[in-house]
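Below: one structure in structure tokens.
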Amino acid sequence: MKPIAQIDTYILDTLMADLVGHDRRPSAFLTFLAIWSAGDGGQTALSYAVLSQRTGLSKRSVQAAVTHLLRRELLDVAKDGVTDTPRYRPLTPWRRWRRRS
């Protein structure tokens, strides 16, 4: 049995309302959760097909969601080559904001 992923309360309390309500991108929120869960908040390699299966979204919707998360600086992606599976790392800028207060 896979261990339960720990989700930062900011993700559910604030990020969900921001991505779903303000940005009107629920697919971005679902994609962020799928990436967070797969790597337990750390880096993980996932193809668009796997993300599509995990979220229930089309591959094109997942691609658009990843692009939006990159634009919002909520996701970091690394690839060694053009055909390699991307390695995603969810970013947590709110943790930096909390320390400044």
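Quick one: in the stretch 63-82, of everything that is among the β-branched types (V, I, T) and farther than 13 Å from I35 by Cβ, which residue is modelled with the lowest pLDDT?
V82
I need the full set of residues from the stretch 43-101 which are acidic (D, E) and either within 19 Å of M16 (Cα to Cα) or touching a Lys or Arg at 6+ places or on another chain (Cβ under 7 Å) (or both), in order please.
E73, D76
Need at least 3 residues that are buried (at least 16 other Cβ atoms within 10 Å of the Cβ) and either among the hydroxyl-bearing types (S, T, Y) or touching a residue at least 40 places away in the same chain (Cβ under 8 Å) (or both) per element, so show me which helices (runs of 4 or more DSSP H) inside the stretch 2-101 make the cut, counting only ones lying wholly within it.
26-39, 48-55, 59-71
The values are calculated or read from the model by the stated rules, or taken from the named source; none is laboratory data. Bear in mind the structure is a predicted one, so any value in this text is a computation, not a measurement. So basically every Cβ, Gly included, is an ideal-geometry build from the backbone, and we count neighbours across all protein chains shown.
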